[in-house]
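The values are calculated or read from the model by the stated rules, or taken from the named source; none is laboratory data. Nothing here was measured: the structure is a model prediction, and the numbers come from that model. Cβ placement follows ideal geometry from the backbone for every residue including glycine, while neighbour counts extend to all protein chains displayed. Just so you know, the surface numbers come from the protein's heavy atoms only, side chains and all, with ligands and any DNA or RNA stripped out. Shrake-Rupley method; radii C 1.70, N 1.55, O 1.52, S 1.80 Å.
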Amino acid sequence: MELNHTIVPSTDKVAAAQFFADIMGLSYDGEAGHFAPVVVNDSLTMDFDNAIDFGKHHYAFKVSDEEFEGIFRRIKDRGITYGSGPFSADNGEINTRHGGRGFYWRDIDGHLLEVLTRD
């Protein structure tokens, strides 16, 4: 079993998809039907959708060390607040849990994103 896609609620699906793709080093190729999809890999697509009222979600991605470096650099280059944990997403630190590295930040809609190199 694998997760094929998930819907990400947003106040502006195109802006949210572009932000996500830019930070994660992915491509945003425009709207497809009702959604603003970002293909993460061969088995997962993040389908951004406009919504008015929604809760904040947490999305975690296991990445390679090289992907981590690129994401971290883009976060720092854009001055985006980040942190070492879900309740300390603004302390400007990364964590070293499980012998790897990880950090958290919020997207333009307040969703908590996480990257980690080891589970």
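Remarks
- Tabulated pairs, the range 16-41, first touching a residue at least 60 places away in the same chain (Cβ under 8 Å), second open to solvent by less than 50 Å² (accessible area, probe 1.4 Å) and in a strand (DSSP E or B), C-beta under 7 angstrom, 6+ apart or interchain: A16/V8; A16/S10; A16/F48; F20/V38; F20/M46
- All positions within the range 23-60 that are open to solvent by 50 Å² or more (accessible area, probe 1.4 Å), of a type in the set (V, I, T) and under 30 Å from G99 (Cα atoms): V39
- Every residue from the range 61-119 that is of a type in the set (F, W, Y), open to solvent by less than 40 Å² (accessible area, probe 1.4 Å) and farther than 15 Å from F19 by Cβ: F68, F72, F103, Y104
- The residues of the range 4-22 that are farther than 14 Å from L113 by Cβ, among the hydrophobic types (A, V, I, L, M, F, W, C) and open to solvent by less than 50 Å² (accessible area, probe 1.4 Å), listed by number, are V14, A15.
- Filter result for the condition that a residue is of a type in the set (D, E, K, R), over 21 Å from G79 (Cα atoms) and modelled with pLDDT under 95, over E2, E31: E2
- The residue pairs whose first member lies in the range 76-105 and is β-branched (V, I, T), whose second member is open to solvent by 60 Å² or more (accessible area, probe 1.4 Å), and whose beta carbons are closer than 8 Å, counting only pairs six or more residues apart or on different chains, are T81/D90; T81/R106; I94/R101.
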